[in-house]
There are 2 protein chains.
Amino acid sequence: MKIRHATEADRDAIWEIFREVVAAGETYALDPNISRADALAYWFAAGTHTYIAQGDAAGDGVAVPGKRTASPAIIRARQILGTYILRPNQSGGGSHVANAGFMVSANARGQGIGRAMARHCLSEARRLGFRAMQFNYVISTNTAAIRLWRDLDFEIVSTLRDAFHHPEKGYVDVYVMYRSLLGRRFRCGRRSRRTS
Amino acid sequence: MKIRHATEADRDAIWEIFREVVAAGETYALDPNISRADALAYWFAAGTHTYIAQGDAAGDGVAVPGKRTASPAIIRARQILGTYILRPNQSGGGSHVANAGFMVSANARGQGIGRAMARHCLSEARRLGFRAMQFNYVISTNTAAIRLWRDLDFEIVSTLRDAFHHPEKGYVDVYVMYRSLLGRRFRCGRRSRRTS
């Protein structure tokens with residue numbers, strides 16, 4: 001798997017992933033019926049860096065149990081396993097704090113793609129000179145994401161009571177998570193274990 | 001003073017206020033050199049409710065020490081003393097939480113215009129069915145705003161360390177502030193005094 005900047009040619013594959021993630025309505029506070037144009041305008045906005053995680057081999061994402069043999073077009077689309085954006089969380093005096101958003105194809109979950117993109121993202125954020133990273137809206141039921149961000153040294157700095165209406169669970173809390181990118185050596189997300 | 005929905009005719013006056021507030025670079029994380037078009041696109045975005053506070057009399061804002069006699073056009077512009085926006089803080093499952101932003105003309109500060117707009121805003125938010133209100137970015141040096149939000153029952157739910165670069169004070173903290181709009185009777189911002 002490699003992670004690289006997204007290009008125009010990736011837009012169809014990104015929209016496939018975006019649509020399935022947002023339609024579920026469980027992890028993003030976005031209109032589940034958002035249009036392709038609005039979704040791509042958001043994901044490729046001015047000032048936003050857009051990346052994709054791509055499978056190494058032609059077969060990536062094809063051998064999905066219960067799926068019919070994929071057409072060449074679908075195989076190509078499925079090679080994009082995930083996508084993320086990195087951008088300033090605010091403008092002006094707030095532009096030194098990064099924000100990021102991650103989406104992994106449903107077919108490619110549980111393979112560490114989110115974690116690989118997150119590490120890549122932290123590295124890119126440092127490279128671009130950001131001093132901190134903030135997630136504004138981590139839905140408390142999204143335990144896989146929260147575990148990952150904690151592993152990567154993000155802290156929950158805020159709990160927003162009932163700020164998200166989950167399609168099955170009703171009103172649930174939302175977290176703001178934050179970490180500095182300064183100071184200690186950048187650890188690429190490998191958590192230091194305290195042995196004493 | 002009255003507070004009402006903004007119209008196309010208010011755009012010049014709003015831009016005057018917006019420009020002076022943002023150019024100061026102390027209270028909003030926006031590009032201090034934002035263009036008129038971008039500023040008005042932000043303040044009048046789809047899904048955003050835009051309001052203005054307007055002086056009662058023709059003389060409002062005219063008798064400013066040190067200013068030359070205002071032309072009729074400027075007098076008209078100066079009658080707009082402040083402006084605010086009210087909108088969903090997120091889309092989809094997060095759209096029941098409101099967000100708002102307030103700007104008061106430098107010539108009209110210290111007259112309670114921000115407080116009057118804030119009370120109006122809370123009332124409008126309830127009327128529109130919002131369940132809570134969140135300020136994502138209250139800069140810790142903006143003590144007048146913080147005092148006002150506390151008076152209006154907002155709590156600081158998060159401190160974002162060094163998230164804003166103040167033009168004079170360097171890196172300073174930013175607060176996330178939040179309040180429910182449910183439950184107890186809506187008090188229009190008059191704080192109940194505990195007498196025991």
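FYI, it's all coordinate maths here, none of it is from the lab. Quick caveat: nothing in here was measured; it's all calculated off a predicted structure. Cβ sites come from the backbone with ideal geometry, for glycine too, and all protein chains shown count toward neighbours.
For chains B and A related by rotation, which residue of B has the Cβ nearest the axis, and what is the rounded distance in Å?
B:Ser158, 1
Could you give the length gained on full extension between B:Ala23 and B:His5, defined as 0.36 nm per residue of separation minus the Cα-Cα distance, in nm?
Values: separation 18, 0.36 × 18 = 6.48 nm, distance 2.47 nm.
Answer, rounded to one decimal: 4.0 nm.
Treating the point 7 Å from Cα along Cα-beta-carbon as the label, what are the nm separations from B:Thr48 to the other copies, to one decimal?
1.7
Rounded, prolate or oblate, given the Cα gyration tensor of segment B:81-185, with a/c below 1.5 counting as rounded?
oblate
Can you give the net charge of the other residues whose Cβ lies under 11 Å from the Cβ of B:Val174, counting K and R as +1 and D and E as -1?
Numbers: positive: B:Arg161; negative: B:Asp162, B:Asp173.
For residues surrounding B:Val174, the net value is -1.
Counting Lys and Arg as +1 and Asp and Glu as -1, what is the net charge of the other residues whose Cβ lies under 12 Å from the Cβ of B:Glu26?
Within the 12 Å Cβ shell, the charges total -1.
Where the label is 7 Å out from Cα toward Cβ, how close does A:Asp162 come to the same position in every other copy, in nm, shortest first?
Distances between equivalent label points, in nm: 3.7.
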